[in-house]
1. Given a cut-off of 27 Å, name the pairs among K51/K159; K51/K155; K144/K239 whose C-alpha atoms lie farther apart than that in the structure shown.
2. How do H225, H191 rank when sorted from fewest to most other Cβ atoms within 10 Å of their own Cβ?
3. T164's amide H: which non-local residues (gap 5+, or another chain) put their own amide H closer than 5 Å, with H modeled 1.01 Å from N in plane and none for Pro or chain starts?
4. Using a Förster distance of 41 Å, how high is the FRET efficiency between D219 and I102, based on the Cβ-Cβ distance and rounded to 0.05?
5. Expected output is a single nm value to one decimal: the length gained when fully extending between N149 and F63, i.e. 0.36 nm times separation in residues minus the C-alpha distance. What is it?
6. Suppose each label sits 7 Å from its Cα in the direction of the beta carbon; what would the I238-H191 distance come out to in nanometres?
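A short reminder: the numbers here are calculations on the coordinates, not readings from a lab. Please read these numbers as outputs of a predicted model, since none were measured by experiment. Glycine also receives a Cβ, built like all others from the backbone with ideal geometry; neighbour counts cover every protein chain displayed.
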Amino acid sequence: MPNQTSQDINPFALNLPELSLKVASFLEIGTFILIASLVYFLLRKALKMVKNAGLIQVRGPIFKTLNIATIAIPSFIFFYGLTLVSRESLFVSLLFFVIFSIVIGFSLVDPIRALFAASIISLRGDLQVGDYVHLGIIEGRILKIGAFNIVVQTKSGSKTFIPTHQFMQQSYEIHSSKGGPSVTINISDDHLSKSEVELLGQLCPYRRQGSDIRLTTQDGIHKIHLEVINRDARSHIIKYFEVHGQKS
């Protein structure tokens, strides 16, 4: 019977050379992370100094290229170090890759939600530049509708950047470009055509004179947006379209 060592008998015995290799691999990756972080900090600091000195235009192509480089160079250093370490310890490399993927995944949650919300807002056409909106404690005029943020100029004149997905999660009010109230009504196309809905909107006695009418049709639903004379006009407008829709 061949001799058996204690490590052969105990399946949970530690392989010290392998353990030391994993520890060394962790330290190597940690070193590359430290170097990449330091390079990122120095590049961002240098870019800020160049920007403050007025040597480059903030919205110019050179600034955008340098801004991308501040992220690309540290990322290259990190992945280069990960490649070197993977030759010695595949386990450590896979572990860091999984952790890195999870971190990136969580960091992209808000941008993905913002892009989805921007697409929905664009399709619905409810919000437009110049509208006066009231979202929570924020109230002001929309200056820009972007992919990730909606820029609102408040009463004080300051600009507020609101993530687009907040307009999907919270209730908000839309007022006319002059600050008056407005309402949006959904009407089925079973009884009224788009031209009939537009005509009823123009003849609506609760619509503010001289105001624009926004009308879109999607999936058998007419969505008409009217600027009205007061906030209490919504129920009257709903009744107005119901009565005329039954007569058609």
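1. K51/K155; K144/K239
2. Ranked by crowding around the Cβ, least crowded first: H191, H225.
3. Those qualifying (amide H under 5 Å, at least 5 residues apart or on another chain) are N149, I150.
4. Numbers: r = 37 Å, r/R0 = 0.91.
Efficiency for this residue pair is about 0.65.
5. Separation in residues times 0.36 nm, less the Cα-Cα distance, equals 28.9 nm.
6. Between I238 and H191, the label points sit 1.5 nm apart.
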